[in-house]
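Presented below is the structure to which this report refers.
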């Protein structure tokens, strides 16, 4: 029987990676879609060849890998190009996500998807887990992590969907305003919930 699929999302600098690591420490498989996004355009893949053909070989590094910074500059400067790239890569990422989930062992699998709400992907999962924190804490963490100014960090946060939109999509919420011990307690509580397949899948049935 396939494991229950839990989508893990949250705003930037809210602590998604820390939460994922805590679930991993409990023996749960983590499928990181950011890593899969790199995998589908790895050197030698058909998708990378299509990207290079479309955008030109200036998006390739000397070793043949994708210059992600260069590509990001191109697509953010042209919304139509961003749509083209998403239509090419998103189906491949979804297919690879499905394969990794099906291969996972254990009662459930955590799928880390930073842009779950933005891409409207919640319906593909049994439950949505949102990592949330106070906006001022989030801002301070983002500044500390990236070395950005308050103005730069504020702009990055404004570019995402709102906190309210993200929470509205949640079946479960982890509050990350304290220390790792408090976070671990919440993860362990959800671990017990998700390990009960019937209860974990009830969220999808009620949507």
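The values are calculated or read from the model by the stated rules, or taken from the named source; none is laboratory data. Predicted model only: the values in this text are computed from it and were never measured. For neighbour counting, all protein chains shown are included, and Cβ atoms are generated from backbone atoms with ideal geometry for every residue, glycine included.
Evaluated against (1) outside the structural domain of residue 190 (by TED's automatic domain parsing); (2) surrounded by fewer than 21 Cβ atoms within 10 Å (Cβ to Cβ); (3) in contact with a strand residue (DSSP E or B) (Cβ under 6 Å, 6 or more places away or on another chain), residue 24 falls short on exactly one condition, (1).
Taken together, 138, 143 contain a single residue that is crowded, with 21+ Cβ neighbours inside 10 Å and either touching a helix residue (DSSP H, G or I) at 6+ places or on another chain (Cβ under 9 Å) or not in a helix (DSSP H, G or I) (or both), which is 138.
Kindly check whether there is at least one residue in segment 154-177 that is over 19 Å from the mean Cα position of the chain (by Cα), free of Cβ contacts under 8 Å to residues at least 24 places away in the same chain and part of a helix (DSSP H, G or I). Yes, that holds for at least one residue.
Looking at 102, 92, 20, 37, just one residue is assigned to a helix (DSSP H, G or I), under 30 Å from residue 179 (Cβ atoms) and touching a residue at least 40 places away in the same chain (Cβ under 8 Å), and that residue is 20.
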